[in-house]
Amino acid sequence: MASGAINTSFWGSTSRSLHRPLDFRQLFKLRLVVAALGETQRLGWWNSGVLTGTGEFLFQQGFPRSALFAQTRAGFRVAQLACDEALAIQPTPGGPITCQLFRLTPQLEDAFENERNRWMDEPQEWADCFHAAWGLSAEQWPQALVELAHLDPVALDWARQQTPQTAKALRLDDPFEINQGHIERMAAGFVCGQPGQLVVPYLQVAG
């Protein structure tokens, strides 16, 4: 088995997420924690300071109703572009689709966006989650994935045993279809990086 491949026997029956269907609320929270902690003043993986209290103030000026979700959309976009740049994988027509935490297949991203639009009618339900993310410090990485995004701790144990194939990428086994276990591993795999040194976990699915 390749060094970055998923060892399913390691996960075994102790993992609650290995075969779960997609949970878009958890996906959002995992993206939120990684995107916030990857910003310049924390782990320094991407050049951004959007996901902070100052960012919230600025976004409230232009998006009074949906400021928090507009703010996270911008923060996720910065993280997505940084991860894409690190992977430097050029898509080929009809070829496999490269997926990372901030960029899944077009079908999954459309479904995620539909869910996100519904959450905009639940601002109070999400407010504590957003403000907890704004207050994160680098010292809370990676435990914040467990505490704020409910990551299965087994995923972190798995990630700590992986060796990236390159200086910037950790490739997971390519699945037939993506489930919540893959999402959790793509989040946990960021622990292979260091402050100022981004390592992006990714997998590929058929196009």
query = With point charges of +1 on the Cβ of Lys and Arg and -1 on the Cβ of Asp and Glu, referenced to the Cα centre of region 78-207, which listed residue (Gln90, Phe190, Leu156) lies farthest in the positive direction of the dipole?
reply = Gln90
message = Just to be sure I understand the model, the point goes 7 Å from the Cα along the line to the Cβ. What's the resulting Thr40 to Leu58 distance in nm?
response = 0.9
ask   = Modelled label-to-label distance, Asp84 and Glu115, 7 Å Cα→beta-carbon offset: nm?
value = 2.2
request  = In whole Å, largest first, what are the principal axis extents of the Cα atoms in region 70-207?
outcome  = 42, 33, 25
ask   = Once the convex hull of the C-alpha atoms of region 112-170 is built, how many Å³ does it hold per residue, rounded to a whole number?
value = 132
Assigned charges on the beta-carbon of Lys, Arg, Asp, Glu; the chain dipole about Cα centre (debye) = 260
request  = Taking the Cβ of each residue in Lys168, Lys29 as the centre, tally the other Cβ atoms inside 10 Å and list the residues starting with the fewest.
outcome  = Lys168, Lys29
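Since every read-out is calculated from the coordinates, none of them should be taken as a lab result. Keep in mind it's a predicted model, so treat the numbers as computed, not measured. Neighbour counts run over all protein chains shown; Cβ positions are idealised from the backbone, glycine included.
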